Amino acid sequence: MTLTPEMARSGVTPQMLSAAHRFKCPKCGKEFSLFQSRAIACRSCPQSTKNCKYVRCIHCDTEFPIQGFIVNTKEKEKFISNYMNGVVKNYHNSFGYYRK
C-alpha cells in the first residue's frame, strides 16, 4: 500500500503504514501486523519498549528478526524498532502498563 496525499494529510506516516501492513508468518502462514505483534504477542515482554528488533507471530508465537521479514536494511530495522518502541511506550504511559 502506498501513502496517498489524503492519508498524509490525515496524519498517516510511512512508519505507521509499515507497522500496520499485514505480513504472512513464514511458519504458520497466517497474517498479522507489527502493531498486532507488539500489542498481543509481546505485551508482557519487557523488550517491547526497548527497541526490540524482533517480531512475534500472534498465532504460533514464533519470533523472527524484523530485518528480512518487514524491512530489508539495518537502518530501516532500527527506524521501525524505534517507531514501535515509541508507540508501545506511549500506550503504556497513557494506560499505566509501563515496565521499567
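Regarding Gly68, is this residue modelled with pLDDT under 85, exposed (fewer than 13 other Cβ atoms within 10 Å of the Cβ) and closer than 23 Å to Pro14 by Cβ? Against the criterion (modelled with pLDDT under 85, exposed (fewer than 13 other Cβ atoms within 10 Å of the Cβ) and closer than 23 Å to Pro14 by Cβ), Gly68 qualifies.
Within the range 71-92, which residues are farther than 17 Å from Ser44 by Cα and among the hydrophobic types (A, V, I, L, M, F, W, C)? Answer for the range 71-92, where residues must be farther than 17 Å from Ser44 by Cα and among the hydrophobic types (A, V, I, L, M, F, W, C): Val71, Phe79, Ile80. Please determine, by comparing only the residues of the range 37-52 that are within 13 Å of the chain's Cα centre (by Cα) and farther than 16 Å from Asn82 by Cα, which one is surrounded by the most Cβ atoms within 10 Å (Cβ to Cβ). My answer is Ala41.
Taking the criterion of being among the hydroxyl-bearing types (Ser, Thr, Tyr), under 19 Å from Phe23 (Cα atoms) and touching a residue at least 12 places away in the same chain (Cβ under 8 Å), the residues of the range 49-100 that qualify are Tyr54, Thr62, Ser81, Tyr83.
The values are calculated or read from the model by the stated rules, or taken from the named source; none is laboratory data. Everything numeric here is computed off the predicted structure, so don't read it as measured data. Note that we place each Cβ from the backbone using ideal geometry, even for glycine, and neighbour counts take in every protein chain shown.
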